[in-house]
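Working notes for the structure below.
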Amino acid sequence: MVARRIQRLRSTDLEDAVGGTLTLAALALWALVIFYAYTVSMPRAQYGVLFIAGAIGVYILNELEDVIADRDYLDAALLLGSLVITIAITVYVNLHFRELYIDRVGYAFPHEYALAAAFLAAIVYLSWRSFGLTFLSILVGALLYGYFGDLIPGILGHSGLSYSRLLLLLALDITGFYGFLTQLVAAWIALFLLYAGLLESYGAFDLIFRGAVRTSKYIDSGVAQTAVVASAVIGSINGSQTANAGMTGSFTIPMMKENGIKPSTAGGIEAVASTTGQVLPPVMGAGAFIMASLLGISYVTVITAGLIPAMIMMVCIILAVHYIASNQLDSIDVDAVLDELEDRTRRDTLVDTVKFIIPFGVLVYTLGVIQLTVMTSALYTAVTMLITGITFPVFQAAYESRSVTAATRETLSDTVAGFRRGAIITAPIAIILAAINGVVDILMTTGVPGILTLSMMDISGGIMLVAVLISMVICILLGLGMPTTAAYTVVALLVAPTLVSRFLVPDLAAHFFVFYGAILSGLTPPIATCAAVAAGIANADFVETCYEAIKVAAPLFVLPFSFIYHPVIVSGVLSGGAVFTGLLILLGGISIIHGINYRFGYGKWAQLGTRVAFFVVGVLTMVYPNSTVQYAGAGVIITLFVVQQLATRNVAVGDTINN
């Protein structure tokens, strides 16, 4: 008994020690990021090597806390082994950076190959541990494809990459795992994820959630709309629809269920809301940064191009949620819900609002007005968030004659928690993108993009509609089980070039098409990782949750085709023509939502016919390239709506007379 108690105490002490080390590692990682952003005092490739090592260290330490609690010693040994390997190769690469990166590219010593092989094994293990068998199969499949290419018949065959060539490509030439995606995360995305961590620790998400709950006073579906607003806003920052469903769904799904919404419906709404956040400007789940880098255009152009699609998407989803949820929700005491969340005065809310608006204003001003670089803008935004997050509560405490010391201690604690949370968010994203960078480099070296282009041309027969349908299927398949940034990167490099070079689709239109296509994998069976997480939280049937999600997100499956046939809406210029075309496409999306989700008040067959009519005309209005057909479709939609309202009114009057 005494021995068991001593063992438990030792385990607790060890967990505390790991937790403290994790906090120090997070602070060290952000010190590196901020130092580089401010000074740019080393080559970006070398900075990327240091950054990915820091991210891996944070991830391993974070996982060790749970592993120690569960006493899984084998897993602990594998994690610690991966940490030792990462430290060893990072130290070695930095000591010999110039040799590896410049002087002897393409050649390495035997001990360097051994070190690179060990690092490859660590990345494979960490990728599997973070993202499961789906991504593991992609990573291992790419490695096998690269090595055994000479055994593959047909157009997919190639001469094969030797063992040494693979290791040079993946690590020793400072490419692969250290390549442009790792460097992009380190230089651009990381500071925004720090911003996200600080937002969470300083209470921004609670503020958003409280504001969304207040809409329940004015909208029947307000509780469900809370999930849409909160999940979309938070999801636009964190870069993973699946992670977002787990984070925001943990409180939005139970709240929806408690107020009468079916578990599968609650899960479906959360899954869609988490997905839409990934394409919501200004951050777009970090995909905007990668798109700007790949296309060689400004970040502002990308987010401007994303505004009209985001408006179409959000209006359609809000309407769908209103149709579905308003028929299920019970009445809600908003004030009681807010009291349960947190007892906040109006002054507290005002101070919080200003505290978060100022950094966001800095972001908009530095990026959109004076157009500084993304890294510099993110640095100024994060620093401003630190300043307002620390000083506002202290000044408020002084104004209200509360203890300034206690307020300072609390805000500093929140700040450290924000640094830690930001690092924990960043770490798995950095690991998956490093692994994806390795996959992409293998595929690019073996010529897969060119092969895919030729294959798509052969299958489609040069017909654009067939090509884009095939492209959509490929995007969904390649995006299965992966975070937004990783999924988009793969399809952007493999699919988008074919649409641009062979079918003359504008660059932005092609990239937005594959971007939206990739995120749909989170809602599309049989994998549907985002829906699976939401279904688990809701304790709902997976298939029913997917069905409810697709009912809400139906226009989202059509919208990417609008980018192909109406590229003006993603041109990066908010012209009158772009806005008008966007409104026509929005009307088509509303028609689809209305046809699928509205509760018509008449017979089965008449109802089915009306639903089909709204759906078909809506699709044509969204996608058809001829403007005359779009105008006619808009006229038909309006006519159908008026007729439906009159028919429903007549049914209601007839029922009243008969009664």
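The values are calculated or read from the model by the stated rules, or taken from the named source; none is laboratory data. Keep in mind that this is a model prediction, so the values were computed, not measured. Note: ideal-geometry Cβ built from the backbone for every residue, glycine included; neighbour counts use all protein chains shown. For the accessible areas, the whole protein counts, side chains as well, though only heavy atoms, and no ligand, DNA or RNA atoms are used. Shrake-Rupley method; radii C 1.70, N 1.55, O 1.52, S 1.80 Å.
Tabulated data for the structure shown
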read-out: Whichever residue in segment 582-613 is β-branched (Val, Ile, Thr) and closer than 13 Å to CYS316 by Cα and, among such residues, is farthest from the chain's Cα centre (by Cα); value: ILE596
read-out: Residue that is farthest from GLY447 (Cα to Cα) [pool: residues in segment 145-164 that are in a helix (DSSP H, G or I) and open to solvent by less than 90 Å² (accessible area, probe 1.4 Å)]; value: SER164
read-out: Residue within segment 412-425 that is of a type in the set (A, V, I, L, M), at pLDDT 90 or above and open to solvent by less than 30 Å² (accessible area, probe 1.4 Å) present; value: yes
read-out: Every residue from segment 491-520 that is closer than 24 Å to VAL573 by Cα, open to solvent by 10 Å² or more (accessible area, probe 1.4 Å) and touching a Leu at 6+ places or on another chain (Cβ under 6 Å); value: ASP507
read-out: Given (1) under 30 Å from LEU172 (Cα atoms); (2) open to solvent by 30 Å² or more (accessible area, probe 1.4 Å), number of the condition LEU433 does not satisfy; value: (2)
read-out: Matching residues, segment 106-145, being over 29 Å from the mean Cα position of the chain (by Cα) and within 30 Å of THR242 (Cβ to Cβ); value: ALA118
read-out: Among the residues listed as PHE205, PHE177, the single one being among the aromatic types (Phe, Trp, Tyr) and under 14 Å from GLY438 (Cβ atoms); value: PHE177
read-out: Output for segment 574-604, where each listed residue is surrounded by 23 or more Cβ atoms within 10 Å (Cβ to Cβ) and among the polar types (S, T, N, Q); value: SER591
read-out: Those residues of segment 590-641 which are hydroxyl-bearing (Ser, Thr, Tyr) and touching a Cys at 6+ places or on another chain (Cβ under 8 Å), in sequence order; value: none
read-out: Selected residue (only one of THR373, THR301, THR405, THR381 is modelled with pLDDT under 85 and not aliphatic (A, V, I, L, M)); value: THR373
read-out: Of residues in segment 521-536 being surrounded by fewer than 24 Cβ atoms within 10 Å (Cβ to Cβ) and of a type in the set (A, V, I, L, M), the one farthest from LYS257 (Cα to Cα); value: ILE527
read-out: Residue selected from segment 35-49 under the condition part of a helix (DSSP H, G or I) and open to solvent by less than 50 Å² (accessible area, probe 1.4 Å), by the criterion farthest from PHE119 (Cα to Cα); value: ALA37
read-out: Test result for ALA647, in a helix (DSSP H, G or I), open to solvent by 50 Å² or more (accessible area, probe 1.4 Å) and out of contact with any His (no Cβ under 9 Å at 6 or more places or on another chain); value: no
read-out: Cross-chain or 6+ apart pairs with Cβ under 7 Å, segment 59-85 first and over 15 Å from LEU22 (Cα atoms), then exposed (fewer than 13 other Cβ atoms within 10 Å of the Cβ); value: none
read-out: Close pairs from segment 368-394: first open to solvent by 30 Å² or more (accessible area, probe 1.4 Å) and of a type outside the set (Asp, Glu), partner assigned to a loop (DSSP other than H, G, I, E, B) and modelled with pLDDT under 90, Cβ under 8 Å, at least 6 apart; value: GLN371/SER298; TYR380/LEU372
read-out: Selected residue (criterion: nearest to THR581 (Cα to Cα)) from residues of segment 287-313 that are open to solvent by 10 Å² or more (accessible area, probe 1.4 Å) and in contact with a His (Cβ under 9 Å, 6 or more places away or on another chain); value: LEU295
read-out: Hey, VAL404 open to solvent by 10 Å² or more (accessible area, probe 1.4 Å), among the aliphatic types (A, V, I, L, M) and touching a residue at least 12 places away in the same chain (Cβ under 8 Å) or not; value: no
read-out: Counted residues, segment 464-490 - those being open to solvent by less than 10 Å² (accessible area, probe 1.4 Å), at pLDDT 85 or above and β-branched (Val, Ile, Thr); value: 1
read-out: Segment 181-202, subset touching a Lys or Arg at 6+ places or on another chain (Cβ under 9 Å) and open to solvent by 10 Å² or more (accessible area, probe 1.4 Å), residue farthest from THR248 (Cα to Cα); value: GLN183
read-out: Residue match in segment 452-459 (condition: in contact with a Phe, Trp or Tyr (Cβ under 8 Å, 6 or more places away or on another chain) and either in a helix (DSSP H, G or I) or crowded, with 24+ Cβ neighbours inside 10 Å (or both)); value: no
read-out: Selected residue [open to solvent by less than 40 Å² (accessible area, probe 1.4 Å) and polar (S, T, N, Q)] from SER562, SER571; value: SER562
read-out: Of all residues in segment 538-549 being assigned to a helix (DSSP H, G or I), open to solvent by 50 Å² or more (accessible area, probe 1.4 Å) and touching a residue at least 40 places away in the same chain (Cβ under 8 Å), the one that is farthest from THR304 (Cα to Cα); value: GLU544
